[in-house]
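Written out below as structure tokens is the structure these notes cover.
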Amino acid sequence: MRGIVFNGDRELEIASFDDPEPGPADAVVEIKASGMCGSDLRFYRAPAGEALAAFGLQGDGAGIIAGHEPCGVVVEVGADVDDRVVRVGDRVMVHHYDGCGFCDRCRTGWTQMCERGAKIFGATAHGGHADYIKVPARTLVPLPDELSFAAGAAIACGTGTAFGGLVRLDLNARDTVAIFGQGPVGQAAVQLAAAMGAEVIAVDVASERVARATEFGAAHAIDSGATDVVEAIRELTGGKGVTRALDCSGAAAARVAAVRATSPWGRVGFVGEGGEVTLNVSPDIIRKQLTIVGSYTFSVVGQGECARFIATHGVDADKVFTDHWSLDDAEDAYREFDKQTGGKAVIEF
């Protein structure tokens, strides 16, 4: 089979690998769609041998097939895989982490937080930018028939992360929520929050992304590069501020604005990775009785909940994609994706 390998310094190759054979507890999935995520660019851009260090992981990442948003069809299972759980022909997403399977965190589906260390498909183990992927059967999550494989790939990371963040905020139809950052995660968060019944205010520094926000369900869109976003949100909310805010950007200024634009007793969530933030603790947090939560992607169970929510509520999860590529187009695909001027991209098979 073929698979994309990042060699460092924005160089990649389509390498040849043996077709995978399942171990007793494994499944082999024929990939139908493999999403391209902004976090992939850390590996793509990093100097040779330093890709994993850029993500705080051990090892050099050499020879690892990229892509942590795999979605496809089961074509083979190991001898110990119960056919009541996984069968050949099943449409599945992959929860792109695996842990020891025994610690409390793994047993509750939070394998990325495994006490003994997690394996990450597409980073420390072969990922989905290939014809096939071999994974433990326990990492597979059913893909509802109503959803495309591309939608499943989005749910496998960015869209699922947005859903997980909104769940951590305990969002409901009584809330007004500001969503900072209108990349693919933020766009998905707008869609999902609107489907949950909340009034959504979308915020971004890029005017073209602000212009599209209402297409995803935002009631209001604010260009934070052209106006004081905190004041704009207060004006929209009668001086009260939003009851919920979610930062999908990872930018310090957006995090500060999310906190300061939220009303007393409100909740703020951070899902954007990296960076730092400085807050004035007393006025920003304590005297507002504010709750700030971090949300790290989603559990195995949460991934399935996201997919079912999208299918049940008719959310157009494919809408976040602006670019569709084939494996043969890998060099052009990542060269364009590296510019970060479009929306989400996907490699389809």
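Brief remarks on what is shown
- Packing rank of 82-91, 100-109, 237-246, where each peptide gets the mean count of other beta carbons within 10 Å, highest leading: 237-246, 100-109, 82-91
- Using only side-chain charges placed at the Cβ, +1 for Lys and Arg and -1 for Asp and Glu, the dipole size of segment 1-119 relative to its Cα centre rounds to 440 debye.
- Proximal aspartates and glutamates relative to residue 240, as straight alpha-carbon distance under 13 Å, when same-chain residues fewer than 8 apart are discounted: 175, 231
- Heavy atoms of the protein chains alone define the surface here; on that basis the chain has 43 Å² accessible area per residue at 1.4 Å probe size.
- Of the cross-linked pairs 119/319; 32/119; 288/339; 119/288, those separated by over 32 Å at the C-alpha level are 288/339; 119/288.
- Percent antiparallel among DSSP beta bridges (both partners in the chain, rounded to 5): 55 percent
- Kirkwood hydrodynamic radius of segment 161-294, from inverse mean 1/r over distinct Cα pairs, in Å: 14.1 Å
- For the pair residue 228 and residue 45 in one chain, pulling the backbone fully straight at 0.36 nm per residue adds 62.6 nm over the alpha carbon distance.
- Residue-span extension gain [residue 328 to residue 252] - 0.36 nm each, minus C-alpha spacing: 23.6 nm
- Packing, as the average of other Cβ atoms within 10 Å across residues, places the peptides 172-183, 286-297 in the order 172-183, 286-297, highest first.
The values are calculated or read from the model by the stated rules, or taken from the named source; none is laboratory data. Since we're looking at a predicted model, the values are computed, not measured. Heads up, the Cβs are rebuilt from the backbone with ideal geometry, glycines too, and the neighbour counts pull from every protein chain shown. Heads up: the accessible areas ignore ligands, DNA and RNA and are worked out on the full protein's heavy atoms, side chains in. Shrake-Rupley method; radii C 1.70, N 1.55, O 1.52, S 1.80 Å.
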